[in-house]
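Below: the structure, in structure tokens.
The values are calculated or read from the model by the stated rules, or taken from the named source; none is laboratory data. Please read all numbers here as calculations on a predicted model, not as lab measurements. Don't worry about glycine lacking a Cβ; one is built from the backbone with ideal geometry, like all the others, and counts go over all protein chains shown. Areas reflect the complete protein model, heavy atoms only, side chains present, ligands, DNA and RNA absent. Shrake-Rupley method; radii C 1.70, N 1.55, O 1.52, S 1.80 Å.
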Amino acid sequence: MKIAVCVKQVPDSWAEKKMVNGLLDRDGVDAVLNDLDEYAVEEALRILEAHGEGHSITLISMGPERTTEAVRKALSMGADDAIVVTDPALVGADALTTSQVLATVISEGKFDLVLCGTESTDARMSVVPAMLAQRLGWAQLTFAGSVVVDPTSSSVTITRVTEAGVDTMKAQFPAVISVIEKINEPRYPSFKGIMAAKKKTIEVRTLALLGVSATQSWSAVKDALPRPAKLAGIKVLDEGKGGAELVNFLAEKKLI
Amino acid sequence: MSEIFVLAEFSDNKISKTTAELATCAARAGTVTVIVLAAPSAGAAMASQVVVGPIASVLIVESDSFARFGVPAAADAISQLVATKKPVAILIASSAFGKEVAGRVAVATESGLITDAVDVAADLTATQLVFGGSTTVHSQVTHGTPIITVRPNSVNADLSPCTPAVSNAEFVLSESAQRAEIISSAPFVKGGRPELTEAQIVVSGGRGTNGDFAPVETFADLLGAAVGASRAATDAGWYPHSHQVGQTGKTVSPQLYVACGISGAIQHRAGMQTSKMIVVINKDPEAPIFEIADFGVVGDLFAVLPQASEGVRASKS
Ligand SMILES: Cc1cc2nc3c(=O)[nH]c(=O)nc-3n(C[C@H](O)[C@H](O)[C@H](O)COP(=O)(O)OP(=O)(O)OC[C@H]3O[C@@H](n4cnc5c(N)ncnc54)[C@H](O)[C@@H]3O)c2cc1C
Ligand SMILES: Nc1ncnc2c1ncn2[C@@H]1O[C@H](COP(=O)(O)O)[C@@H](O)[C@H]1O
């Protein structure tokens, strides 16, 4: 079984973020592995551990050069190798371009399964996995709360958990799977894992190497304006009247 | 005026208010056609519920594939309608389902996509609130048929009555849409309370409830509110996952959000920070949730909430 996991480097969730020229300023903030993608890496490791030797996990990531830092973290969890696509033409790429680039890398790799997180914490679109399935013509098994793989019949069954309810879905390989954060508890990289990750191969590719031409622009930001900072709110200490004060506030604001 | 599509939203076989909200935005840019995706022979009953909003017509697509294959089948139907009818844009609700359908339609029709808009103007400029609501972004699709997903509860719906013309359409299901099959389906049962994403008021409980949501629910019911929960509360099994608010739960933006025993982690804020008014009850004066509160009570929720409920009861009588 060959598994690919799509991982993204994102600005730290806690960092102050701002827009410069219609794009997220990525230079000014600490960058980390998208935490929702750790669940995908963990699930891939569990699938392989359940089915013995002879399988591999390749990480695929598109992003600026320092994306290799986040990829190292996922390698130290136990993935085997990585392919990083980085190119000046990709600065500000949106989900359509991202999915096109990732799909190109995936289609060259003869993978059985591709695992993703459900959302990148910066873009927050939750669309790349569905777009990958559409582009590749593969089965779409997204928002998985559990994944059961049967390598002998080349099939995979998931429970899809969304705001609407829980579905059980089944497909043959190849499939694109995205996993929700309830599915597992990602492992911390061990010291051995961190040392081993230093020797693992990260293949860096440019668009030219991939054979993908300069990217189309799909949408454009007209402006990005900071919203007026919220006025400091009222804070009261409950000395026996906190609930009543709360109700007075709501009544004043005509909310009750 | 040219035609613009809206994908109708149903839950529990009932049309949701979101459909009229989408139509309200869409009507600024074109004549609205609402698309109803239905099981065989269920379309007419669903279409008959399209009675409010600036809607000129309803297009029913019936197929058993929507229940069998989900997102890819819905995306196939819409992509083909976009190709034949050439609408000026298509508006879809920002749910997990809606966003995935939008993503596949964008790829299939080679069109730009904007998700999580909170408003759409007549020239199809979409407004988004990013970085926890600290920045307003205006953007436009520059290629293909603009596909825009809009967050529920963000626009004031025009609820004037309508009598749309109803017609039917067909589509061809692609082979790749059949690659993953839904073998069983368990929709979440809805209680008597309003839908989280549509509610005007949301009262949420966190780890501070220590598993006892009774005071939270009592207060919510007095205000006609939906009940939300932090991840700490859903992970502990105190409240169903479908009620989780936050990054990996639902995004809500009600008129009033009441956070009880919730610390205000960045992932929780991601799902509620754009609420118009935020009220907090937390016994730790240093809890980060106070930073975004319009009104905060430093105190024990088990004392403050019952007193507040009593106050609301008194004000009603
Ligand atoms: C990938 C990822 C995704 C996540 N997604 C989400 C998400 O979607 N939604 C979400 O909510 N979280 C999410 N989280 C978790 C988030 O980081 C926090 O752990 C979580 O929000 C904490 O919940 P809490 O505020 O209820 O609990 P805590 O942080 O433990 O806070 C409890 C609060 O209750 C107060 N308290 C205790 N007792 C009382 C009392 N009697 N009266 C009044 N106050 C009291 C305490 O002072 C404290 O501030 C995510 C985390 C990760 C890593
Ligand atoms: N630039 C990227 N490189 C690799 N994987 C990505 C990238 N962008 C998105 N993904 C994957 O797609 C998932 C959903 O992302 P999004 O649609 O951007 O919210 C993420 O959790 C990743 O698994």
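Data for the structure
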quantity: Count of residues meeting criterion [over 15 Å from B:LEU223 (Cα atoms) and more than 7 Å from ligand 1 (Cβ to nearest atom)] in the stretch B:249-265; calculated: 4
quantity: Those helices (runs of 4 or more DSSP H) lying entirely in the stretch A:1-113 with at least 3 residues open to solvent by less than 50 Å² (accessible area, probe 1.4 Å), within 14 Å of ligand 2 (Cβ to nearest atom) and within 23 Å of A:SER190 (Cα to Cα); calculated: A:35-50, A:67-77
quantity: Pick from the stretch A:177-195, criterion more than 16 Å from ligand 1 (Cβ to nearest atom) and either open to solvent by 40 Å² or more (accessible area, probe 1.4 Å) or touching an Asp or Glu at 6+ places or on another chain (Cβ under 9 Å) (or both), ranking: farthest from the other protein chains (Cβ to nearest Cβ); calculated: A:MET195
quantity: Residue check, B:VAL107 open to solvent by 10 Å² or more (accessible area, probe 1.4 Å), in contact with a strand residue (DSSP E or B) (Cβ under 6 Å, 6 or more places away or on another chain) and not basic (Lys, Arg); calculated: no
quantity: Count - residues of the stretch A:123-141 that are surrounded by fewer than 21 Cβ atoms within 10 Å (Cβ to Cβ) and within 8 Å of ligand 2 (Cβ to nearest atom); calculated: 2
quantity: Listing of strands (runs of 3 or more DSSP E) fully contained in the stretch A:166-229 that carry 3 or more residues being among the aliphatic types (A, V, I, L, M); calculated: A:175-179, A:219-226
quantity: Those residues of the stretch A:7-43 which are away from every other protein chain (no Cβ under 14 Å) and either under 25 Å from B:GLY246 (Cβ atoms) or within 16 Å of ligand 1 (Cβ to nearest atom) (or both), in sequence order; calculated: A:VAL7, A:LYS8, A:GLN9, A:ALA31, A:LEU33, A:VAL41, A:GLU42, A:GLU43
quantity: Counted residues, the stretch B:210-227 - those being in a helix (DSSP H, G or I) and among the polar types (S, T, N, Q); calculated: 1
quantity: Per-region count, the stretch B:203-231, residues touching a Gly at 6+ places or on another chain (Cβ under 7 Å) and either farther than 23 Å from B:ARG269 by Cβ or open to solvent by 30 Å² or more (accessible area, probe 1.4 Å) (or both); calculated: 3
quantity: Hey, A:THR97 away from ligand 1 (no atom under 16 Å from the Cβ) and among the hydroxyl-bearing types (Ser, Thr, Tyr) or not; calculated: yes
quantity: Selection from the stretch A:148-160 of residues that are hydrophobic (A, V, I, L, M, F, W, C) and surrounded by 22 or more Cβ atoms within 10 Å (Cβ to Cβ); calculated: A:VAL149, A:VAL156, A:ILE158
quantity: Meets criteria (facing chain B (nearest Cβ under 8 Å) and hydrophobic (A, V, I, L, M, F, W, C)) for A:VAL128; calculated: yes
quantity: The stretch B:194-209, residues that are farther than 14 Å from B:PRO240 by Cα, outside any strand (DSSP E or B) and either free of Cβ contacts under 8 Å to residues at least 24 places away in the same chain or touching a strand residue (DSSP E or B) at 6+ places or on another chain (Cβ under 6 Å) (or both); calculated: B:PRO194, B:THR197, B:ALA199
quantity: Output for the stretch B:100-137, where each listed residue is in contact (Cβ under 8 Å) with a residue 12 or more places away in the chain, closer than 16 Å to A:ARG227 by Cα and facing chain A (nearest Cβ under 8 Å); calculated: B:LEU129, B:GLY133
quantity: Candidate set: the stretch B:265-274, residues that are part of a helix (DSSP H, G or I) and more than 16 Å from ligand 2 (Cβ to nearest atom); chosen: the one surrounded by the most Cβ atoms within 10 Å (Cβ to Cβ); calculated: B:HIS268
quantity: Some residue of the stretch A:132-147 being in contact with a Leu (Cβ under 7 Å, 6 or more places away or on another chain) and among the hydrophobic types (A, V, I, L, M, F, W, C); calculated: yes
quantity: Complete set of residues in the stretch B:76-99 that are among the aliphatic types (A, V, I, L, M) and within 7 Å of another protein chain (Cβ to nearest Cβ); calculated: B:ALA96
quantity: Members of the stretch B:275-315 found to be open to solvent by 30 Å² or more (accessible area, probe 1.4 Å), of a type outside the set (Phe, Trp, Tyr) and in contact (Cβ under 8 Å) with a residue 40 or more places away in the chain, listed by number; calculated: B:LYS283, B:PRO306, B:ARG313
quantity: Residue check, B:SER154 more than 9 Å from chain A (Cβ to nearest Cβ) and open to solvent by 20 Å² or more (accessible area, probe 1.4 Å); calculated: yes
quantity: Qualifying positions in the stretch B:219-234 - within 22 Å of A:ARG124 (Cα to Cα) and within 11 Å of another protein chain (Cβ to nearest Cβ); calculated: B:ARG231, B:THR234
quantity: Hey, B:VAL50 open to solvent by 20 Å² or more (accessible area, probe 1.4 Å), at negative phi and part of a loop (DSSP other than H, G, I, E, B) or not; calculated: no
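Yes/no per residue for (1) within 10 Å of chain B (Cβ to nearest Cβ); (2) within 30 Å of B:PHE131 (Cβ to Cβ); (3) open to solvent by 50 Å² or more (accessible area, probe 1.4 Å); (4) at pLDDT 95 or above:
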residue: A:LEU207; (1), (2), (3), (4): no, yes, no, no
residue: A:TRP218; (1), (2), (3), (4): yes, yes, no, no
residue: A:VAL221; (1), (2), (3), (4): yes, yes, yes, no
residue: A:LYS230; (1), (2), (3), (4): yes, yes, yes, no
residue: A:GLU239; (1), (2), (3), (4): yes, no, yes, yes
residue: A:ILE256; (1), (2), (3), (4): yes, no, yes, no
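Residue by residue, here is whether (1) outside any helix (DSSP H, G or I); (2) closer than 19 Å to B:VAL120 by Cα; (3) within 20 Å of the chain's Cα centre (by Cα) holds:
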position: B:ALA45; (1), (2), (3): no, no, no
position: B:PRO54; (1), (2), (3): yes, yes, yes
position: B:ALA75; (1), (2), (3): no, no, yes
position: B:ILE78; (1), (2), (3): no, no, yes
